[in-house]
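Data first, discussion second: the structure below is written as structure tokens.
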Amino acid sequence: MTESTSGLTAAEALRRLALHGKNELTGTGVRSPWRIIWSQLTSIMVVILLAAGAISAVLGDYKDAIAIGAIVALNTILGFTQEYRAEKAMEALKKLAVPVVRVMRDGSIVEEKASNLVPGDLILLEAGNLVAADCRVTESVELQTQEAALTGESVPVQKHIEEIAFMGTFISSGRGRAVVVQTGMHTELGRIATLIQTVDQEPTPLQRRLNQLGGRLALVALLLVTVIVVLGAVRGMPHGESWKLLFLTAVSVGVAAVPEGLPAVVTIALTLGAQRMLQRNVLIRKLPAVETLGSVTVICSDKTGTLTQNRMTAVSLHASGTSLDLNGTPAPDPRFGALVAAAALCNDAEEKIGDPTEIALIVAASRFGFSKEQLNAQFPRVAEKAFTSERKRMTTVHRLSPEATLFGSSRSGYISITKGAPEILFDPKTFDKNIRKLAEDGLRLIGVGYRWVESPAVVSEDNLTFLGVIALADPPRPEAAKAVAMCKAAGITPIMITGDHHDTALNIARQLGIADDAVHARVSPSDKLRIVEKLQQQGQIVAMTGDGVNDAPALKRADIGIAMGVSGTDVAKEAADMVLLDDNFATIVAAVEEGRVIYDNIRKFVKYILATNSGEIWLMLLAPILGMPLPLLPLQILWMNLVTDGLPALALGWEPPESNAMRRLPHAPTESIFSRGLGRHVIWVGLLMGLLSLGTGYWLWSAHDSHWRTIVFTAMTLSQMAHVMAIRSEHQSLFTLGIWTNKPLLAAVALTLVLQMALVYLPPLQDFFQTQALPWQHLLLAFALSGVVFWAVELEKWVSRKGMRSGG
């Protein structure tokens with residue numbers, strides 16, 4: 001066999017891959033480590049800190065300068081680690097989204113990642129496929145490509161033999177074969193990519209809102225710096241404080257007021273969530289989908305393969321008033337033989353590769369002694385009209401030899417075979433009651449007919465001779481009913497969308513618990529788009545599944561476009577926000593739950609960071625009013641900002657789902673991050689932490705206890721740790737939730753406590769952070785103050801639970 005028919009050998013493909021490299025475009029928008037470091041060092045707050053450190057050095061205070069430099073370095077390392085991890089996670093997800101291509105290797109058709117294609121590979125092109133490399137067409141059956149990605153021209157281009165199909169375009173109709181001639185950056189698309197590199201990832205809506213929040217907090221920080229300096233000027237430095245100390249304190253408070261790591265942590269939360277979804281067979285292609293999932297109110301799902309098992313089996317044949325149950329041994333009835341043979345001829349599946357329905361038809365024919373290979377040899381295909389979801393039929397034309405008698409006539413010429421929806425091909429009035437009842441029983445029906453033609457030049461689908469109907473069973477997925485029930489409990493309406501007969505769809509829907517009025521049958525792709533738009537006009541947040549070329553507009557229009565990973569075309573996957581790797585409805589529901597968990601954990605992070613920062617701000621603003629010295633020194637503030645805003649906050653991303661995650665209404669996608677009591681919590685908890693630490697500090701300062709500032713520092717840090725443990729759930733008590741259910745958070749809190757004790761009790765660090773070893777009574781007092789914060793938040797949650805039980 002030559003290369004043009006058998007393809008490359010596996011060994012030769014590997015050799016060429018090493019020679020030519022991966023079939024990939026470079027410049028994917030992933031930021032380099034140096035760019036990430038530079039963005040860390042050029043953020044406004046870091047620049048201010050560096051300036052403060054430089055001023056300290058100029059004034060001869062090298063200790064503060066070194067300390068500030070060390071804190072900036074630690075902050076940069078932490079920030080770099082967060083952002084680099086997020087970038088690598090997104091890069092890994094992008095690599096998983098690489099399309100799979102059907103390619104000839106060693107004489108057999110195999111599925112291979114598009115990135116592994118090499119020049120000389122023979123690939124199969126089918127409607128819905130992305131063209132994965134520049135390739136020369138060797139076989140064309142009505143092959144057309146959509147080249148808008150290259151030329152901007154929306155009209156499909158007919159591709160004849162010897163013409164080039166370009167990488168980045170897609171097959172809009174027909175089928176064919178082609179030999180790869182260029183890959184990667186050597187393709188036409190690659191040459192364009194060298195001129196126009198892909199831009200960076202767009203921020204998600206939530207990230208944009210949090211960036212705006214960061215901007216407002218920066219203004220607040222500037223105001224705080226001004227207020228602290230003014231207060232210092234008004235009171236006239238009564239405690240021997242210097243202007244330099246006042247300036248550094250003001251800068252430190254300003255830095256603490258701005259949670260700079262917020263956008264990076266949100267990115268990490270979203271990408272970690274996307275990785276967790278991958279473990280549940282969901283591939284996220286567009287990051288905003290992760291947060292939008294938590295807002296979904298309607299899931300429009302295809303029936304076949306998503307709500308059902310897509311394990312098509314021909315269960316009965318019906319022709320000329322006679323039925324045959326295929327669960328037994330088929331009788332050698334020529335009427336049924338012609339029916340199954342015709343269904344196998346008008347069929348694009350090859351052995352076990354292809355559409356499950358067409359494979360089931362080939363299996364049915366084999367039970368009558370007809371192999372696909374034998375039929376193709378006896379009745380070679382000479383023309384065809386591909387199946388489309390609008391026409392709901394497919395037609396092939398085959399050449400007949402004089403001795404061919406399978407279809408009841410010994411003649412030469414051509415036979416045109418059409419299969420599709422029975423009521424579209426034939427007058428439903430001619431069906432007997434048994435055929436009409438099949439759809440009511442939830443079976444999928446395929447009608448088959450034929451006509452003699454003199455020439456294959458015109459493929460006609462009129463005046464067909466009725467051969468019969470094949471009934472196929474596709475039972476519901478066993479987990480689908482539970483998933484539908486979860487949707488309803490979560491305030492989400494499941495809607496079935498199918499091209500099947502209405503009675504077939506209704507039967508399956510009732511088995512799954514989907515309401516009768518939530519079933520749309522005989523739906524075309526254009527109908528899907530109208531359904532999405534109608535639901536969105538009603539204020540619904542719509543998730544829509546799809547697998548075909550013509551589903552792309554509906555997938556793009558939906559708030560969440562969901563492509564099928566098993567049966568879906570490349571075009572559908574490119575248009576979608578996420579891909580189901582198992583084509584399972586239950587997986588969609590699992591993704592929605594994960595989306596809600598991620599959004600909940602981001603809210604917890606915001607709640608924690610802003611409450612702890614506001615506690616520090618209240619402390620620093622109220623102390624001068626009481627005539628106290630600065631209750632916290634600059635390095636102590638910066639230390640808390642680094643440690644308490646770091647690992648414990650990040651570890652909140654590992655919180656398990658709330659107990660009511662799928663038993664509550666979806667959140668509105670435009671809701672404020674401060675909604676549902678979060679803003680109120682930030683204010684009162686911050687004030688409580690500030691007043692507790694301030695009150696204790698004022699009492700000890702008035703008593704001339706030299707430990708007063710160390711106990712303020714320690715009490716504030718411990719209170720923040722108590723707070724992060726208390727807010728692990730919005731409503732459940734920590735003791736109901738379980739202390740050990742988030743081990744990363746426990747480890748982060750424990751490490752923070754150890755570091756704080758080191759600052760208080762190790763002499764080198766005492767000198768650096770100006771702390772004193774606390775007597776055990778003072779240390780117990782600091783823990784008691786943190787306990788007040790913990791139990792206060794637990795009380796807030798108890799009141800919330802009581803209100804929820806009473807319907808308030």
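The values are calculated or read from the model by the stated rules, or taken from the named source; none is laboratory data. None of these values were measured; they are calculated from a predicted model. Positions of Cβ are generated from backbone atoms using ideal geometry, with glycine treated the same way; all protein chains shown enter the neighbour counts.
Summary table below
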{"item": "The range 510-545 - residue that is more than 27 Å from the chain's Cα centre (by Cα) and of a type in the set (A, V, I, L, M) and, of those, surrounded by the fewest Cβ atoms within 10 Å (Cβ to Cβ)", "result": "Ala515"}
{"item": "Restricting the range 369-408 to residues that are part of a loop (DSSP other than H, G, I, E, B) and of a type in the set (Lys, Arg), the residue that is farthest from Gly447 (Cα to Cα)", "result": "Arg391"}
{"item": "First in the range 625-640 and farther than 15 Å from Trp708 by Cα and β-branched (Val, Ile, Thr), second anywhere and modelled with pLDDT under 85 and part of a helix (DSSP H, G or I), Cβ under 8 Å, 6 or more apart", "result": "Ile625/Leu231; Ile637/Thr249; Ile637/Ser252; Ile637/Val253; Ile637/Val255; Ile637/Ala256; Ile637/Met620"}
{"item": "Residue selected from the range 161-183 under the condition outside any strand (DSSP E or B) and under 25 Å from Lys22 (Cβ atoms), by the criterion nearest to the chain's Cα centre (by Cα)", "result": "Gly168"}
{"item": "Subset of the range 447-463 (residues that are of a type in the set (A, V, I, L, M) and either modelled with pLDDT of 95 or more or touching a Leu at 6+ places or on another chain (Cβ under 6 Å) (or both))", "result": "Val448"}
{"item": "Qualifying residue in the range 773-795 (condition: touching a Phe, Trp or Tyr at 6+ places or on another chain (Cβ under 9 Å) and among the charged types (D, E, K, R))", "result": "yes"}
{"item": "Answer from Val290, Val266 - the residue that is more than 28 Å from Ile625 (Cβ to Cβ), assigned by TED's automatic domain parsing to the domain that holds Thr545 and at pLDDT 70 or above", "result": "Val290"}
{"item": "Filter result for the condition that a residue is closer than 20 Å to Thr396 by Cβ, surrounded by fewer than 17 Cβ atoms within 10 Å (Cβ to Cβ) and among the small types (Gly, Ala, Ser), over Ser455, Ser416", "result": "Ser455"}
{"item": "Filtered residues of the range 682-704 (kept if touching a residue at least 60 places away in the same chain (Cβ under 8 Å) and not hydrophobic (A, V, I, L, M, F, W, C))", "result": "Gly686, Gly690, Ser693, Thr696, Gly697, Tyr698"}
{"item": "Options Ala747, Ala722, Ala726: the member that is within 34 Å of the chain's Cα centre (by Cα), surrounded by fewer than 16 Cβ atoms within 10 Å (Cβ to Cβ), closer than 25 Å to Ala661 by Cβ and in contact (Cβ under 8 Å) with a residue 40 or more places away in the chain", "result": "Ala747"}
{"item": "Filtered residue count, the range 715-735, keeping only those that are of a type in the set (S, T, N, Q) and either over 20 Å from Arg676 (Cβ atoms) or in contact with a strand residue (DSSP E or B) (Cβ under 7 Å, 6 or more places away or on another chain) (or both)", "result": "3"}
{"item": "Condition check for Thr587: among the polar types (S, T, N, Q) and out of contact with any Leu (no Cβ under 8 Å at 6 or more places or on another chain)", "result": "no"}
{"item": "Subset tally (residues that are part of a helix (DSSP H, G or I) and more than 15 Å from the chain's Cα centre (by Cα)) for the range 587-634", "result": "27"}
{"item": "So Asp559, is it closer than 18 Å to Thr493 by Cα and without any contact (Cβ under 8 Å) to a residue 40 or more places away in the chain", "result": "no"}
{"item": "Leading residue by the ranking (nearest to Asp645 (Cα to Cα)) among those in the range 269-282 that are surrounded by fewer than 20 Cβ atoms within 10 Å (Cβ to Cβ) and touching a residue at least 24 places away in the same chain (Cβ under 8 Å)", "result": "Leu272"}
{"item": "Candidates Asp333, Asp325, filtered to the one that is over 30 Å from Phe769 (Cα atoms), at pLDDT below 75 and among the acidic types (Asp, Glu)", "result": "Asp333"}
{"item": "Looking only at the range 113-138, and only at residues there that are in a strand (DSSP E or B) and at pLDDT below 90, the one that is surrounded by the fewest Cβ atoms within 10 Å (Cβ to Cβ)", "result": "Lys113"}
{"item": "Qualifying positions in the range 410-459 - without any contact (Cβ under 8 Å) to a residue 60 or more places away in the chain and either assigned to a loop (DSSP other than H, G, I, E, B) or polar (S, T, N, Q) (or both)", "result": "Ser410, Arg411, Ser412, Ser416, Phe426, Asp427, Thr430, Phe431, Glu454, Ser455, Val458"}
{"item": "Test result for Thr710, farther than 24 Å from Leu746 by Cα, surrounded by fewer than 24 Cβ atoms within 10 Å (Cβ to Cβ) and of a type in the set (Ser, Thr, Tyr)", "result": "no"}
{"item": "Verdict on Asp462 being acidic (Asp, Glu), free of Cβ contacts under 8 Å to residues at least 24 places away in the same chain, surrounded by fewer than 17 Cβ atoms within 10 Å (Cβ to Cβ) and within 14 Å of Val298 (Cβ to Cβ)", "result": "no"}
{"item": "Which listed residue, of Leu779, Leu795, Leu774, is in contact (Cβ under 8 Å) with a residue 12 or more places away in the chain and part of a helix (DSSP H, G or I)", "result": "Leu779"}
{"item": "Residue within the range 351-360 that is surrounded by 17 or more Cβ atoms within 10 Å (Cβ to Cβ), part of a helix (DSSP H, G or I) and β-branched (Val, Ile, Thr) present", "result": "yes"}
{"item": "Residue count for the range 1-26, restricted to those that are outside any helix (DSSP H, G or I), surrounded by 14 or more Cβ atoms within 10 Å (Cβ to Cβ) and at pLDDT 80 or above", "result": "6"}
{"item": "Single condition Asn613 does not satisfy, out of (1) under 30 Å from Ala114 (Cα atoms); (2) of a type in the set (S, T, N, Q); (3) in the same structural domain as Leu246 (by TED's automatic domain parsing)", "result": "(1)"}
{"item": "Criterion (over 20 Å from Ile541 (Cα atoms) and either touching a strand residue (DSSP E or B) at 6+ places or on another chain (Cβ under 6 Å) or modelled with pLDDT of 80 or more (or both)) met by exactly one of Met640, Met662", "result": "Met640"}
{"item": "Filter pass, Ala483 being in contact with a Phe, Trp or Tyr (Cβ under 6 Å, 6 or more places away or on another chain), crowded, with 17+ Cβ neighbours inside 10 Å and at pLDDT 90 or above", "result": "yes"}
{"item": "Single match in Pro553, Pro525 (criterion: of a type outside the set (Asp, Glu), within 30 Å of Met167 (Cα to Cα) and free of Cβ contacts under 8 Å to residues at least 40 places away in the same chain)", "result": "Pro553"}
{"item": "Members of the range 551-581 that are part of a helix (DSSP H, G or I) and either under 14 Å from Asp302 (Cα atoms) or small (Gly, Ala, Ser) (or both)", "result": "Asp551, Ala552, Ala554, Leu555, Ala572, Ala575"}
{"item": "Yes/no for Gly29 being closer than 24 Å to Ser115 by Cα and modelled with pLDDT under 70", "result": "yes"}
